[in-house]
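To keep things clear, I will list the structure first and then write my remarks on it.
The values are calculated or read from the model by the stated rules, or taken from the named source; none is laboratory data. Note that this is a predicted model, so its numbers are computed, not measured. Cβ placement follows ideal geometry from the backbone for every residue including glycine, while neighbour counts extend to all protein chains displayed. Keep in mind that these areas ignore ligands, DNA and RNA; they rest on the heavy atoms of the full protein, side chains included. Shrake-Rupley method; radii C 1.70, N 1.55, O 1.52, S 1.80 Å.
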Amino acid sequence: MESTPLSTLIRRYLNEELSEEETRRLWETLREGEGQEQWEEALLSLLQDKQLHGHADPARMEQVYASIRPAGTPVVPMGRHRWLIPAVAAVALTIIITSAVFWLSGRRQQPLAKHTPVPAHEVMPGSNKATLTLADGSTITLDSAGNGALAQQGNVQVVQVDSGQLAYKASGSHTGGALQYNTLAIPRGGQFRVTLPDGTKVWINAASTLRYPTAFSGRDRTVQLTGEAYFEVAPMPNKPFHVKLNNMDIQVLGTHFNVMAYTEEATIRTTLLEGAVKIDAAGAQTPLRPGQQLRLDATGQLAVVNNVDVDEIVAWKNGYFQFNHEKLPGVMRQIARWYDVEVAYEGHVPDREFGGKISRNSSIEEVLKILELSKIHVRLEKKKIIVIP
């Protein structure tokens, strides 16, 4: 690896071309303090690539560089003949490089929050938290509950097996009686994971709820969702799995898929990653293949989109915001749900598109800095982000 220029390694890293071993060795070298000067030079070279970015305003170049340089290194003044990153390219490049820096920081010191001063505005990234409502109506706050058994629902024990993860363990077969339902509610600024009684794994995003029986004893397995969740359904050929929304029924046997059904979004989107699903919506049954997405809008119109970027769809589950030509309101809705903030606009809404990704562990200051670098001006008032002209 020593014979490969750092600028080449950085480019390969950003293009996700480095092997796990190469990535590990690269970060170990930087952690040990070796190659710091080469790292600086490589970053500058990458940012100054005229073939990628054209020409620059020195003041703006210094802003971008200062936002991504490794902590503790001096700011290097920019010359008069540098390039200017166009608004969209600036966001894409800055988000990707910033996420790389956060990745290194996260590997070196966990959890990140312990090393970050608590800001006066009290806006923090989301975390593992949820409220579980049991069949008898009692509730358990899961972000404060310790690991271990939480409740008994018939012959099924509810267990928090790890921070942010719930599981159901049956002590015998469920032979009869009325079904008992539990509801897992995730607030804004939260996320949680549950393993259902049949072994199906569900990751649930912020501002979402999942209602499900404590045992699947009938001919099928049915859950109800609002918001967004990613499912890895346990295969049971003779017992199909159903996800019910307001105007949609998703039927699967065993597969991986994501459902986004927030009321504030223009469409309900079901994206298939593996297996097969059949969706009953708007009076029609529509099958999906891996890589396809079904969209249902408020008027009942259906559309199937091929070859979607599944990494973008499930980025939230993997700890990232990821955008691909996303308009500003869509970006801000995701930020609002995860950071539990209100968003308001003064004047017109800027017509900008965004691309790239950033860790969901990022502070709100880092996220707003990226918007500012793309000339999206904002101010933060307590728990409200105001977009200004």
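When nucleic acids and ligands are ignored and a 1.4 Å probe is applied, D340 ends up with an accessible area of around 60 Å². In this calculation the C-beta distance from E342 to R219 is compared with R0 = 56 Å, giving a FRET efficiency of 0.80. DSSP finds beta bridges in region 302-389, and of those with both partners inside it, around 75 percent are antiparallel. If you sort the three axes of the alpha carbon gyration tensor as a ≥ b ≥ c, you get a/c of 1.5 or more for region 287-377 and a/b above b/c, which makes it prolate.
Cross-link pairs exceeding 21 Å between alpha carbons, from the set K327/K375; K129/K201; K357/K382: K357/K382.
Listed by chain and number, the lysines whose alpha-carbon sits under 17 Å from that of K383, ignoring those within fewer than 8 places in the same chain, are K369.
Here's the picture: charge each Lys and Arg Cβ at +1 and each Asp and Glu Cβ at -1 in region 127-242, and of L196, L184, G146 the one pushed furthest to the positive end of that dipole is L196.
For region 162-284, the square roots a ≥ b ≥ c of the C-alpha gyration tensor eigenvalues yield an a/c of 1.5 or more together with a/b not exceeding b/c, which makes the shape oblate. Stokes-Einstein diffusion for region 187-256, with the hydrodynamic radius set to the Kirkwood value over Cα pairs and evaluated at 10 °C in a medium of 1.306 mPa s, equals 129 µm²/s. Computed extension gain for V308 through I388, at 0.36 nm per residue and net of the alpha carbon distance, reaches 25.5 nm. What nm distance separates the two modelled labels at H325 and R289, each placed 7 Å from Cα along Cα→Cβ? Distance between label points: 2.2 nm. 3J(HN,Hα) along region 377-388, derived from phi through the Karplus expression 6.51 cos²θ - 1.76 cosθ + 1.60 where θ = phi - 60°, amounts to 8, 9, 9, 10, 10, 6, 10, 9, 9, 10, 8, 10 Hz, with x in place of Gly and Pro.
Neighbours of K244 by Cβ distance under 12 Å: Lys/Arg scored +1, Asp/Glu scored -1, total -1. Sparse packing (at most 13 other Cβ atoms within 10 Å of the Cβ) combined with a DSSP loop state is found for the following trypsin sites (Lys or Arg not before Pro) in region 201-257: R219. Farthest towards the positive end of the charge dipole of region 248-364, among the residues A336, P287, A298, is the Cα of P287, using unit charges on the Cβ of Lys, Arg, Asp and Glu.
Working note: Karplus 6.51/-1.76/1.60 with θ = phi - 60° gives region 264-278 the couplings 7, 8, 6, 9, 8, 10, 10, 10, 9, 9, 9, x, 8, 9, 10 Hz, where Gly and Pro are set to x. In this rough spin-label picture, where each label sits 7 Å from Cα along the Cβ direction, the L380-Q301 distance is 3.8 nm. Largest to smallest in accessible area, the residues S138, S144, S359 fall in the order S144, S138, S359 (1.4 Å probe, all protein chains included).
Distance between the modelled labels on K278 and S138, one decimal in nanometres: 4.2 nm (7 Å Cα→Cβ projection).
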